[in-house]
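The structure appears right after this line, and notes come after that.
FYI, it's all coordinate maths here, none of it is from the lab. Here the structure is a predicted model, which is why all the values come from computation and not from measurement. Positions of Cβ are generated from backbone atoms using ideal geometry, with glycine treated the same way; all protein chains shown enter the neighbour counts.
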Protein chains: 2
Amino acid sequence: MKTVVLVSGGMDSVVALYDAAEKNEVIAGLSFDYGSKHNHCEIPFAKYHCEKLDIPHRTIPLQFMNDCFDSHLLQNGGEIPEGHYESENMKQTVVPFRNGIMLAIAAGFAESQNAEAVTIAAHSGDHAIYPDCRSEFMDPMSKAIAAGTYANIQLLRPFVGIRKEDIAARGEELNVDFSQTWSCYKGGEIHCGKCGTCVERKEAFALAGIPDPTEYL
Amino acid sequence: MKTVVLVSGGMDSVVALYDAAEKNEVIAGLSFDYGSKHNHCEIPFAKYHCEKLDIPHRTIPLQFMNDCFDSHLLQNGGEIPEGHYESENMKQTVVPFRNGIMLAIAAGFAESQNAEAVTIAAHSGDHAIYPDCRSEFMDPMSKAIAAGTYANIQLLRPFVGIRKEDIAARGEELNVDFSQTWSCYKGGEIHCGKCGTCVERKEAFALAGIPDPTEYL
């Protein structure tokens, strides 16, 4: 099945890329530059892995989101909160309907490029605080994409039944070099180790029993 | 209800703007510059009507669609076909998943601006050839938007049960100046009168029994 893979450069989507390259024909990896504090850290890794797998990579510029969307994740937003990723204050890092926007663009791109599917790395641990990660969103979005395209583009969610630590294990199996992935929301020189996504990254490696190659502040 | 209105500058969406301004609190009119041949003709009219109604107007730049999407409607695409808008060759003017993309962005924008709804002028005459105009698309998209936002953003389709000629009649009732709207896909100096959307525009005025103020080539 010809698929377009959403690849941010984070560990989940990079594993999804390798997983899809094994199972499907990946016609492109898509990244989105929506003006977050960490886009400049993560997107080069998305490009790196696409090049390694000989998959065309494209970055879609969505700078208007930084101009008129409300989120601490964005350059124009407030400070990134520290703490556990399931805490209430992590809501500040939600970018409204980001998954909806990325999936919609990927669906149109896929239809234009004669692909049959779009792959997203959403997993069962994706948080209750992110409304556009829940299956209550993903299920109707999947239906909308199929009905709204001639090719009945399918939404593939290979990790929907597993957790982040299982994705780490799957990446290990696929020989993914996790040192070439980025999670930290702060977008500094190295991972801060304290923001929600750094905490989650550390936990995933620990639970999977895999050495964490990340340098934290 | 606070709503964001999708307003292209065409006759349907301009009437939807006036209709929403009467019934709701319109917090913004959104246009999308996706690199079509006629965006430069229609968007100034969207802005004109928003200013007239004292509604903030914003144009979202989506030039990447012209670069990597496949449609004759785009500047990089082939010639606009002439003929009846229900003809098979009008499929060439479909921009893949355009409504999905515009609605997704509008949903994120609406959530960021504390709005409660997004309004789209989709109507019952919207063509079978456009998959992302059908209710098979709109219904799940509506569910995805509600589930994917904290505010449970609603999708308002005030014209879903009526036809284009009824929209023209509603516009007449609302004193909409139709000379300040644009339909023609060719994006020339004046309306060509021969492309699918020009044919449809003429028909709507004729069926509604309203004088057509449009100058055709």
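Shielding by partners for peptide A:144-157, expressed as the average number of C-beta atoms from other protein chains within 10 Å of each residue's C-beta, is 5.
Remark: chain B carries a charge dipole of roughly 300 debye about the Cα centre, counting +1 on each Lys and Arg Cβ and -1 on each Asp and Glu Cβ. For the listed peptides B:179-187, A:139-147, a ranking on the average number of other beta carbons within 10 Å per residue, highest first, reads A:139-147, B:179-187. Ranked by how many other Cβ atoms sit within 10 Å of their own Cβ, fewest first, the residues B:Phe64, B:Phe109 fall in the order B:Phe64, B:Phe109.
Under the convention that each Lys and Arg Cβ holds +1 and each Asp and Glu Cβ holds -1, the size of the dipole of the stretch A:1-120 around its Cα centre is about 220 debye.
Inter-copy label distances at A:Glu51, shortest first and taken from points set 7 Å along Cα to Cβ: 4.6 nm. Taking GluC sites (Glu not before Pro) in DSSP loop states with no more than 14 other Cβ atoms inside 10 Å as exposed sites, chain A has its longest site-free stretch at A:87-188. Note on the protein assembly as shown: Cα-only Rg and Dmax are 22.4, 74 Å. Taking every residue in A:110-120 and counting other chain Cβ atoms within 10 Å of its Cβ, the average works out to 2. Annotation: amide H-H contacts under 5 Å for A:Lys186 (H modelled 1.01 Å from N, sequence separation of 5 or more, or interchain): A:Cys192. For a straight C-alpha distance cut-off of 19 angstrom, the aspartates and glutamates reachable from A:Lys52 (same-chain residues fewer than eight places away being disregarded) are A:Asp12, A:Asp19, A:Glu22, A:Glu25, A:Glu42, A:Glu172, A:Glu173, A:Asp177. Counting neighbouring Cβ atoms within 10 Å and putting the fewest first, the residues B:Leu74, B:Leu17 line up as B:Leu74, B:Leu17. Along the charge dipole of the stretch A:160-217, Cβ charges K/R +1 and D/E -1, which of A:Thr214, A:Ala169, A:Val199 sits furthest on the positive end? Going by the charge dipole, the pick is A:Val199. Exposure proxy for A:His57, A:His84: other Cβ atoms within 10 Å of each Cβ, ordered fewest to most, give A:His84, A:His57. Mean per-residue shielding of peptide A:56-62 is 3, counting Cβ atoms of other chains within 10 Å of each Cβ.
Among B:Ala16, B:Leu156, B:Phe109, which residue has its Cα positioned farthest towards the positive end of the charge dipole of chain B, with +1 placed on the Cβ of Lys and Arg, -1 on the Cβ of Asp and Glu, and the dipole taken about the Cα centre? Farthest towards the positive pole: B:Phe109.
Around the amide H of B:Lys2, modelled in the peptide plane, lie the amide H atoms of B:Glu25, B:Glu116, all under 5 Å away and 5 or more residues distant in sequence or on another chain. Remark: the stretch A:68-74, residue by residue, has Karplus-estimated 3J(HN,Hα) of 10, 10, 10, 6, 5, 5, 7 Hz, where x stands for each Gly or Pro and the curve is 6.51 cos²θ - 1.76 cosθ + 1.60 at θ = phi - 60°. What FRET efficiency, computed as 1/(1 + (r/R0)^6) with R0 = 60 Å and r the Cβ-Cβ distance, is obtained for A:Ile190 and B:Tyr48, rounded to the nearest 0.05? The calculated FRET efficiency here is 0.75. A label point on A:Lys194, set 7 Å along the Cα-to-Cβ line, lies at 6.8 nm from each of its counterparts in the other copies, closest listed first.
A cut-off of 5 Å between modelled amide H atoms, ignoring neighbours fewer than 5 places along the same chain, links A:Thr59 with A:Ser31. Take the convex hull of the alpha carbons in the stretch B:1-149; its mean projected area over all directions comes to 8.7 nm².
Rg over Rh for the stretch A:130-217 works out to 1.08, both radii taken from alpha-carbon positions and Rh defined as the Kirkwood radius. Distances between copies of B:Glu86, taken at a point 7 Å out from Cα along the Cα→Cβ vector and listed shortest first: 5.6 nm. Each Lys and Arg Cβ is given +1 and each Asp and Glu Cβ -1; about its Cα centre, the protein assembly as shown then shows a dipole of about 40 debye.
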